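K.L.:
Before I ask anything, let me first share the structure, which is written out below as structure tokens.
No value in this document is a laboratory result; all are computed from the given coordinates. Only a predicted model underlies this, so the values are computations on that prediction, with no experimental measurement involved. Reconstructed Cβ throughout: ideal geometry from the backbone, glycine too, with neighbour counts over all protein chains shown.
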Amino acid sequence: MCDIRLLLWLRARHARTALVRLVHFGGTDLVDDRSPGERAYQLYLAAIAAVWAALMWAALLDATAAAFAAVGPASSAMALALGLLAPVAVFAWAAVRALRTSPVKLARADMPFVAAGPLGMRAIAGMGCASSMLAGAAAGALAGYVLGVGLESGLGAFAPPAACALAAALLVAAAVGGAWLLGAARLACPRAVRRRGTVALALAAVAAVLGVAALALGVPSAAFAPGAPGTAVACAAGIAACAAEGGLLALLAPRIDRTAVIVENALYADLQPFGPFSPLDPQAVADYRRRRKLAARLARGVRFRLPLASGAGALVSRAALSHLRQYGGLPSLLAFGASAAPLGVLALAGAGGPVTFLFWLAALVMFPQGAREATRAFRDDLRVRLVRDRLPFGTLSLLAPDSLPGLAVSSAVSCAVVALVLPAGFPLAAGLVLAVLVNAAAVLCCGLDAVRLFPGGPQPFYEAGALVLVAATGALSLAGSPSLTVAGAAAVCAAVAVVVRGGAERAR
């Protein structure tokens with residue numbers, strides 16, 4: 001019990017730190033600002049937050065009920081199937097994380113106090129698992145209640161929302177506990193067979209996901225009607241699973257390798273101070289997180305090798321290798337390819353009217369992370385002057401090969417999406433060429449951030465190039481000629497390339 005009290009005290013300290021950082025957004029400090037006036041202001045902030053949360057909750061329930069009533073029983077039954085699959089998805093996501101790294105999370109200050117101290121591993125693992133399960137249960141209860149309100153509105157006769165919330169909480173808690181059990185079993189394996197044990201546990205997790213998903217999809221909506229045993233069976237299954245997981249974790253916890261827990265928590269301990277409530281610049285935090293993750297991957301061993309190449313081929317291969325090793329930015333690159341260029345093609349094809357141009361411009365200007373991810377190798381070369389000064393390439397001749405792998409990926413995704421959503425009557429070849437040109441123009445516009453128009457002159461920037469692209473191609477699309485629109489997009493790419501090539505490179 002002494003171990004549990006100490007761990008509870010530690011959890012309370014971490015929660016207090018998170019609360020202090022959150023309250024900083026309101027312009028006050030719970031620790032330093034203790035005067036009566038400051039305390040009154042803090043209570044005022046708490047009251048405002050509570051009222052806002054209550055109003056948003058009521059609005060969410062009302063909107064959910066109206067939406068389910070509008071879509072009808074068939075779509076509501078489909079939503080029930082997706083709701084039953086949600087715990088399976090939670091288990092799959094948590095299991096991947098638990099099999100990759102330790103589920104026992106320790107901050108830097110916790111390591112000498114908890115992992116290397118006299119505290120029992122059963123208490124450490126049990127407290128961590130219980131905290132994760134409670135957090136999952138809370139989120140599941142909220143989502144289950146909202147889904148219950150919607151299904152009651154869409155299907156008419158359905159279980160009460162409170163029963164749905166209880167069932168969802170227990171099932172999500174069981175899913176989180178199952179993932180924790182997989183992580184504990186992996187850490188309990190001897191080091192000599194841990195890799196093979198991880199593979200076996202991954203296969204078991206896949207089998208469990210497929211089996212439970214098939215079972216969930218076979219449950220009819222009538223099982224959750226008033227008086228039907230659906231919610232009672234779900235609650236009983238959740239309770240039984242949680243109890244079984246707790247017992248198995250108690251057996252496995254003493255065998256968990258403390259050294260592996262500390263080693264696998266090194267990256268988490270480095271990144272833990274830079275959470276969502278960090279007062280630092282988000283861009284600087286994101287860059288630091290990316291570099292720490294890369295360092296952690298390199299510490300586990302170098303993946304892939306740089307192929308032999310020379311000239312621009314060396315830049316292309318190095319950029320491709322950079323994307324493979326630093327894959328944290330690939331989702332933004334794929335999202336950019338699936339949204340920005342297809343929106344542009346739809347707008348230029350006349351689908352959706354003028355409002356589509358606004359969405360296209362917003363995708364280019366407000367979410368440039370994908371385009372900048374495609375040019376990350378180029379920006380890295382410019383930032384490190386010792387490297388840049390020794391590269392015998394101009395700005396454009398460096399931008400093109402450094403961005404070619406990212407451009408190829410985003411263009412492939414864009415072409416696939418355009419082939420699916422292109423409106424009838426617009427030539428497919430023109431749509432695919434436009435998709436590639438829009439991606440190329442976005443990449444070239446990123447090169448504007450690296451130059452001045454002339455030494456000491458004004459600085460162009462990505463957003464200006466994106467605005468020119470939308471305005472010029474949009475004006476040409478009014479003529480109704482796809483070939484003219486393609487020529488206009490190519491002309492914009494050529495003009496931006498001339499500016500990048502002839503501009504004076506900025507000193508970084």
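K.L.:
In debye to the nearest 20, how big a dipole does the chain give about its Cα centre with +1 on each Lys and Arg Cβ and -1 on each Asp and Glu Cβ?
P.N.:
2040 debye
K.L.:
How do 454, 359 line up, fewest other C-beta atoms within 10 Å first?
P.N.:
454, 359
K.L.:
While we're here: Along the positive direction of the dipole of the chain (beta-carbon charges: Lys, Arg +1; Asp, Glu -1; about the Cα centre), which of 432, 357, 164 reaches farthest?
P.N.:
Of the listed residues, the answer is 432.
K.L.:
At 7 Å along Cα-to-Cβ for each site, give me the label-to-label distance between residue 495 and residue 385 in nm.
P.N.:
3.4 nm
K.L.:
Also, quick follow-up: Of 45, 470, 412, whose Cα points farthest to the positive end of the dipole of the chain (charges on the beta-carbon: +1 Lys, Arg; -1 Asp, Glu; origin at the Cα centre)?
P.N.:
My answer, from the dipole projection, is 412.
K.L.:
Now for a separate question. Where the Cα atoms of segment 312-505 are projected onto their three principal axes, how long is each span, largest first, in whole Å?
P.N.:
Here the spans come out as 52, 37, 26 Å, largest first.
K.L.:
What are the principal axis extents of the Cα atoms in segment 156-223, in Å, biggest first?
P.N.:
Here the spans come out as 57, 22, 9 Å, largest first.
K.L.:
Suppose a student asked you for the relative contact order of segment 2-264, using Cα pairs under 8 Å spaced at least 6 residues apart; what percent would you report?
P.N.:
Relative contact order, segment 2-264: 26 percent.
K.L.:
Okay, next question. Within a 10 angstrom radius of the beta carbon, how do 409, 365 rank from fewest other beta carbons to most? Please list the in-between numbers first.
P.N.:
Working: 409 21, 365 15.
Ascending number of Cβ neighbours within 10 Å: 365, 409.
K.L.:
Roughly speaking, what is the stretch gain from residue 142 to residue 239, that is 0.36 nm per residue apart minus the C-alpha to C-alpha distance, in nm to one decimal?
P.N.:
33.1 nm
K.L.:
Please work out how much length the chain gains when fully extended from residue 24 to residue 483, using 0.36 nm per residue of separation minus the C-alpha to C-alpha distance, in nm with one decimal. Show your work: numbers first, answer last.
P.N.:
On the way: separation 459, 0.36 × 459 = 165.24 nm, distance 5.52 nm.
Residue separation times 0.36 nm, minus the Cα-Cα distance, leaves 159.7 nm.
K.L.:
About the Cα centre, and with charges only on the beta carbon of Lys, Arg (+1) and Asp, Glu (-1), how big is the dipole of segment 70-223? Nearest 20 debye, please. Show your work: numbers first, answer last.
P.N.:
Details: 10 positive and 2 negative charges, 190 e Å.
Its charge dipole is roughly 920 debye.
K.L.:
In nm, give the distance between the simple-model label positions of residue 82 and residue 52, each being 7 Å from the Cα along the Cα-to-Cβ direction.
P.N.:
Label at residue 82, label at residue 52, 2.8 nm between them.
K.L.:
Only four residue types carry charge here, +1 at the Cβ of Lys and Arg and -1 at the Cβ of Asp and Glu. Report the dipole size of segment 2-264 about the Cα centre in Debye, rounded to the nearest 20.
P.N.:
1120 debye
K.L.:
When the Cα atoms of the chain are enclosed in a convex hull and the volume is divided per residue, what value in Å³ results? Could the numbers behind the result be given before it?
P.N.:
On the way: hull volume 110.3 nm³, N = 508.
Here the figure is 217 Å³ per residue.
K.L.:
Continuing with the same structure: Applying 1/(1 + (r/R0)^6) with R0 = 22 Å to the Cβ-Cβ distance of residue 217 and residue 75, what FRET efficiency is obtained, to the nearest 0.05? Can you show the working numbers first?
P.N.:
Numbers: r = 16 Å, r/R0 = 0.73.
Result of the calculation: an efficiency of 0.85.
K.L.:
So, one more: To the nearest 0.05, what FRET efficiency results for residue 13 and residue 93 with a Förster distance of 25 Å applied to their C-beta separation?
P.N.:
Once the sixth-power term is evaluated, E becomes 0.35.
K.L.:
Report the label-to-label distance for residue 192 and residue 210 in nanometres (one decimal), using points 7 Å from each Cα along the Cα→Cβ vector.
P.N.:
Those two pseudo-labels are separated by 3.2 nm.
K.L.:
Moving on to the next point. Report, in cubic angstrom per residue, the convex hull volume of the C-alpha atoms of segment 405-474.
P.N.:
Values: hull volume 6.6 nm³, N = 70.
Spread over its residues, the Cα hull of segment 405-474 gives 94 Å³ apiece.
K.L.:
When a footprinting reagent is the concern and you count Cβ atoms within 10 Å, what order do 264, 463 take, fewest first?
P.N.:
Fewest-to-most Cβ neighbours within 10 Å comes out as 463, 264.
K.L.:
Roughly what angle does helix 73-100 make with the longest principal axis of the chain, taking Cα atoms, 0 to 90 degrees, to the nearest 10?
P.N.:
90 degrees
K.L.:
Residues with amide H under 5 Å of residue 503's amide H, sequence separation 5 or more or different chain, H placed in the peptide plane at 1.01 Å from N; which?
P.N.:
Here the answer is none, since no amide H 5 or more places off falls under 5 Å of that of residue 503.
K.L.:
If each residue of separation counts as 0.36 nm, what is the full-extension length gain between residue 468 and residue 225 once their alpha-carbon separation is subtracted? Please report the intermediate quantities before stating the final value.
P.N.:
Working: separation 243, 0.36 × 243 = 87.48 nm, distance 5.74 nm.
The span from residue 468 to residue 225 would gain 81.7 nm if fully extended.
K.L.:
Mean 1/r over all different Cα pairs, inverted: what Kirkwood radius does segment 2-264 give, in Å?
P.N.:
When all Cα pairs of segment 2-264 are included, the Kirkwood radius is 20.8 Å.
K.L.:
Looking at 98, 370, 220, which one has the Cα that reaches farthest to the positive end of the dipole of the chain (charges on Cβ: Lys, Arg +1; Asp, Glu -1)?
P.N.:
Result: 98, furthest along the dipole toward the positive end.
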